[in-house]
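Engineer: Got a structure for you, questions after.
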C-alpha cells in the first residue's frame, strides 16, 4: 500500500475478503486452516483465469490484462504447480493404490489423486490425465 501499487493492494484486499467470507459462511464462524486458505486462493485464481479467457474471447484485452495481473499476484501465494510428468506419476500412484481398471472407478481414482496432488494442480488437468490413464487400461 505504501508503494501505491493499486493492483496488488486491490488483489490482496479481494483475497482477504474471500477468506473472511469463507470463515463466516455456514452455521458457525471458524478460523480456516492453511490448506483451506490455499483452497480459497486457488478458487480465486481459477476465477481470474476463467475471466481472462472470457474477456479475451470477447475481444476486451484491457480487462483480460487486469485479470492476468491479478492472477499473477495470487499465484505468488500458491504452491508451485506440478508439471505434467510429475502429475502423471502421481496419477499412476493413485491408480496402483486404488487398483482401478475402468472408467466406472474414476471417482475413486480422482479422490486418491487429489489427495496426492494437494492443490498443486488444477482439477481439470488431474481429471484429463486420469481419464487418459483409465482409457489406456
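Rule-based calculations on the coordinates, nothing more; no lab input. In this text the structure is predicted, and so the values were computed from the model without any measurement. Note: ideal-geometry Cβ built from the backbone for every residue, glycine included; neighbour counts use all protein chains shown.
Engineer: Using only DSSP helix segments of four residues or longer, with each worth -39500 (n - 2.57), what per-residue ellipticity at 222 nm results for the chain after dividing by its residue count and rounding to 500?
Structural biologist: Values: 6 runs with 98 residues, N = 137.
The helix-only estimate for the chain comes to -24000 deg cm²/dmol at 222 nm.
Engineer: For the stretch 84-135, report the convex hull volume of the alpha-carbon atoms normalised per residue, in Å³, without decimals.
Structural biologist: Per-residue hull volume (Cα only) is 60 Å³.
Engineer: To test your reading of the geometry: what angle, between 0 and 90 degrees and rounded to tens, separates the Cα axis of helix 34-57 from the longest principal axis of the chain?
Structural biologist: The helix 34-57 is inclined about 80 degrees to the chain.
Engineer: Which of these values of mean projected area of the Cα convex hull in nm² was calculated from the structure shown: (i) 9.3; (ii) 18.6; (iii) 11.1?
Structural biologist: Label of the calculated value: (iii).
Engineer: Let me ask something additional. Fewest first, what order do 37, 24, 117, 130 take by the number of other Cβ atoms within 10 Å?
Structural biologist: Lowest count first: 24, 37, 117, 130.
Engineer: So how do 96-104, 9-17 stack up, highest first, on mean other-Cβ count within 10 Å?
Structural biologist: The packing order, highest mean first, is 9-17, 96-104.
Engineer: To continue, here is another question. Based on the Cα atoms of the stretch 6-75, what semi-axes does the equivalent ellipsoid have, where each is the square root of 5 times one gyration tensor eigenvalue, given in whole Å with the largest first?
Structural biologist: They are 26, 12, 10 Å, listed largest first.
Engineer: Take the alpha carbon atoms of the stretch 101-136, find their center, do the same for the stretch 74-97, and report the distance between the two centers in whole angstrom.
Structural biologist: 11
Engineer: Nearest 10 degrees is fine. How inclined is helix 84-98 to the longest principal axis of the chain, computing both from alpha carbons?
Structural biologist: Tilt relative to the chain: about 50 degrees.
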